[in-house]
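K.L.:
The structure under discussion is supplied below as structure tokens; questions concerning it will follow.
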Amino acid sequence: MVRSRNDSRSNFARSQHANASPKRLQLRLRTATMTDHLTELTTAAQNPAILTRFRAKIHRSPDLDCWLWTGAISGKGHGRFWIRDDLVVIAHRFAWLVDQLDHGHAVTAMPAVISHDCDNPICQNPAHLRVGTATSNRREWAARRTVPGSPLRDLRGARGRAIALRNAAKTRADLAAVIDDGLGDIDHFQDQLW
């Protein structure tokens, strides 16, 4: 019997699913979309114990405007925060929700996208977060990814840069050096032309 390439992929996917722990499967199914879990998240955002745990994972350096997430990081470089064992959220989306509630704004639905003005996916600074759309986010990425020195040009990729910054923040290492390590030659030597 000859197997097609798709058969082996299907078998691999089935074996991964079969070998996954029940807790991992549950986490995969319960990653909060935030709109589906708005009531739970709003309650969590007002719970002093959860807020203390959340804020303990944020490093605010006097050398950087971004507030760096020091907890878990997703495959795309965003922070991940467990509200409880079976509910995980993207950290900057939770930070945005906390900020909205802290300022007395009623949140009746979560926006589809919370964009970073700083292009730093682990940033939790509410001043750097704003409501966007998938289209506007892609447009901004396309416009800024070629700007010399932009975080979007980091040679390590979004996740690699996020991990490097997180580790530096946790150990109180030189953040400027870590940022500089991800720059290519053109980013080091090209001045702004306008």
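The values are calculated or read from the model by the stated rules, or taken from the named source; none is laboratory data. It should be emphasised that the depicted structure is a prediction, and the values quoted were computed from it without experimental measurement. Quick reminder, even Gly has a Cβ in these numbers, built from the backbone with ideal geometry, and neighbours come from all protein chains shown. These area figures cover heavy atoms from the full protein model, side chains too; ligands, DNA and RNA do not enter into them. Shrake-Rupley method; radii C 1.70, N 1.55, O 1.52, S 1.80 Å.
K.L.:
Quick one: which residues, 5 or more positions from residue 113 or on another chain, have an amide H under 5 Å from its amide H? H modelled 1.01 Å from N in the peptide plane, none for Pro or chain starts.
P.N.:
Those qualifying (amide H under 5 Å, at least 5 residues apart or on another chain) are 132.
K.L.:
Among the trypsin sites (Lys or Arg not before Pro) in region 115-194, which ones are in a DSSP loop with at most 13 other Cβ atoms within 10 Å of the Cβ? Mind listing them?
P.N.:
145, 172
K.L.:
Probe of 1.4 angstrom, ligands and nucleic acids ignored: what's the accessible area per residue over region 92-194, in square angstrom?
P.N.:
Per-residue accessible area for region 92-194 comes out at 55 Å².
K.L.:
Before anything else, pin down the relative contact order of region 43-194: Cα pairs under 8 Å, at least 6 apart, normalised by residue count, whole percent.
P.N.:
22
K.L.:
May I ask you to evaluate 6.51 cos²θ - 1.76 cosθ + 1.60, the Karplus curve with θ = phi - 60°, for each residue of region 56-73 and list the ³J(HN,Hα) values in order in whole Hz, giving x for glycine and proline?
P.N.:
With the stated coefficients, region 56-73 comes to 5, 9, 10, 9, 10, 9, x, 8, 9, 6, 6, 9, 8, 6, 10, x, 5, 10 Hz.
K.L.:
Scan region 58-105 for trypsin sites (Lys or Arg not before Pro) in coil per DSSP, keeping those whose Cβ has at most 13 other Cβ atoms within 10 Å, and list them by number.
P.N.:
Passing both the DSSP loop test and the Cβ count: 76.
K.L.:
With just the Cα atoms of region 45-194, tell me how far they stretch along each of the three principal axes, in Å, largest first.
P.N.:
For region 45-194, the Cα extents along the three principal axes come out at 48, 36, 27 Å.
K.L.:
Another one. If you average the sequence gap of Cα pairs under 8 Å that are 6 or more apart and divide by the length of region 79-158, what percent do you get for the contact order?
P.N.:
In percent, rounded to a whole number, it is 23.
K.L.:
Net charge near residue 128, counting Lys/Arg +1 and Asp/Glu -1 over other residues with Cβ under 10 Å of its Cβ?
P.N.:
Counting the neighbours of residue 128, the net charge comes to -2.
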